[in-house]
Amino acid sequence: MHAKNLWISGLTATLVIAFLPSRALAGAESWPQRTVRVIVPFAAGSDPAARAFAEQLAKRWKQPVVIENRPGAEGMIGVSAFTSMKDDHALFYFSAAPITTFPLLHARLPYDPARDIVPISSAAEPVISVAASESLNTDSLDALVALARTQPGKLNYYAFNGGSFAILLPGFVKSAGLDMVQVSYRDGSLGIQDLVAGRIHVMMSSLLTALPLAQAGKVRLLAVTNKNRAAIAPEVPTAIEAGYSQLEFEGLQGFFGPRDMPAERQHRIAADVRAVAADPAVAEPLGARAYFVRASTPAEFTAAIEAQRAKMASLAKLTGIKPAP
């Protein structure tokens, strides 16, 4: 009887051990069980990559994936909304700025950048451009630098939408030894109008914003900050090709999860994002809208974010940028 009990106990333990992994796997595969909300700090219409991925993820997950636009305060409203949620079916789609840049610009944040936003996968990389007013008559970064050196304190620039641009462009100006004036706007559209009118001389923005102005002959595109040229503007060199590696920058837009997201769910979502990114029906239309499709594993996304964070910290130190109280 004793031996029989031991055998039954052993069999029970074996069954439990065998059963647990399948239950764990089934639990991981059963997500999502309802609508997935994706919080996006971009305004509606300025979020084509988020919407393209959401549409395809909904097909894979067989659940609705709904974009909730929360624009304002350069993305702070959106990140605050996401990090205050207690919803395991909510994701966040944005650049890496809440981790890499916001802590350098704001002394107090309504979230913990090290814990509250968990990197899942990069998704798309917007092409970022440096454009000059037609009034400058400059066609390259070299020409801009040469002109600025002959007119110290006379030229100005605008880093569109703030965030990482508010560190990257001043960092370029400082490292090139230029004396240029930084101008800020509460409404970015006013900066664009002033660039076209010649009141602003240089602007950093998405290529999607600057390209129509360049095609209309109102501004000149000097470079893109990405590692590769854009297919829709192949004549525009990269900053690295132009000899200004300090301007190299990739937007790192992607998906983030909430604090304490299970690792298996991170990897499951990341695998699905990579599958969507491999679909030409997603990549080609985004390329036409000045995006590179860049999907990754959670570890790769985390490493890229850390590299960007270190670069932004170095540029902030160089320029003397301090977090605002």
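The values are calculated or read from the model by the stated rules, or taken from the named source; none is laboratory data. Since we're looking at a predicted model, the values are computed, not measured. Here the Cβ is made from the backbone with ideal geometry for all residues, glycine too, and neighbour counts use every protein chain on show.
Entry remark, the stretch 217-235: residues being assigned to a strand (DSSP E or B) and among the charged types (D, E, K, R) number 1 in total. Of the residues making up the stretch 192-207, those that are of a type outside the set (Val, Ile, Thr), on the phi < 0 side of the Ramachandran plot and in contact with a strand residue (DSSP E or B) (Cβ under 7 Å, 6 or more places away or on another chain) are LEU195, HIS201, MET203, MET204, SER205, SER206, LEU207.
The single condition among (1) at pLDDT 95 or above; (2) buried (at least 18 other Cβ atoms within 10 Å of the Cβ); (3) out of contact with any Ser or Thr (no Cβ under 8 Å at 6 or more places or on another chain); (4) over 19 Å from GLY198 (Cα atoms) that ASP142 does not meet is (2).
If I ask for residues that are of a type in the set (Val, Ile, Thr) and farther than 20 Å from MET76 by Cα, which ones from the stretch 103-145 would you list?
Start the filter on the stretch 103-145 by keeping residues that are of a type in the set (Val, Ile, Thr), which leaves 117-118, 120, 127-128, 130, 138, 145.
The answer is VAL127, ILE128, VAL130, THR138, VAL145.
Out of the residues in the stretch 59-79 meeting the condition of being touching a Pro at 6+ places or on another chain (Cβ under 7 Å) and of a type outside the set (A, V, I, L, M, F, W, C), tell me which one is nearest to PHE42 (Cα to Cα). Here the answer is PRO71.
Checking each residue in the stretch 102-125 for being surrounded by 24 or more Cβ atoms within 10 Å (Cβ to Cβ) and at pLDDT below 95 picks out no residue at all. Counting residues in the stretch 127-135 that are within 30 Å of SER314 (Cα to Cα) and surrounded by fewer than 24 Cβ atoms within 10 Å (Cβ to Cβ) gives one or more. Scanning the stretch 243-269 for residues that are on the phi < 0 side of the Ramachandran plot, surrounded by fewer than 16 Cβ atoms within 10 Å (Cβ to Cβ) and part of a loop (DSSP other than H, G, I, E, B) yields ARG259, PRO262.
Quick one: which of ALA132, ALA49 is over 18 Å from PHE249 (Cα atoms), of a type in the set (Gly, Ala, Ser) and touching a Pro at 6+ places or on another chain (Cβ under 8 Å)?
On the way: ALA132 fails: touching a Pro at 6+ places or on another chain (Cβ under 8 Å).
Checking each option against the conditions leaves just ALA49.
A single member of ALA58, ALA49, ALA28, ALA13 is in a helix (DSSP H, G or I), at pLDDT 95 or above, surrounded by 10 or more Cβ atoms within 10 Å (Cβ to Cβ) and more than 16 Å from the chain's Cα centre (by Cα), and it is ALA58.
Residues checked against (1) surrounded by fewer than 19 Cβ atoms within 10 Å (Cβ to Cβ); (2) of a type outside the set (Gly, Ala, Ser); (3) over 15 Å from the mean Cα position of the chain (by Cα):
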| site | (1), (2), (3) |
| --- | --- |
| ARG294 | no, yes, no |
| ALA299 | yes, no, yes |
| GLU306 | yes, yes, no |
| ALA316 | no, no, yes |
| PRO325 | yes, yes, yes |
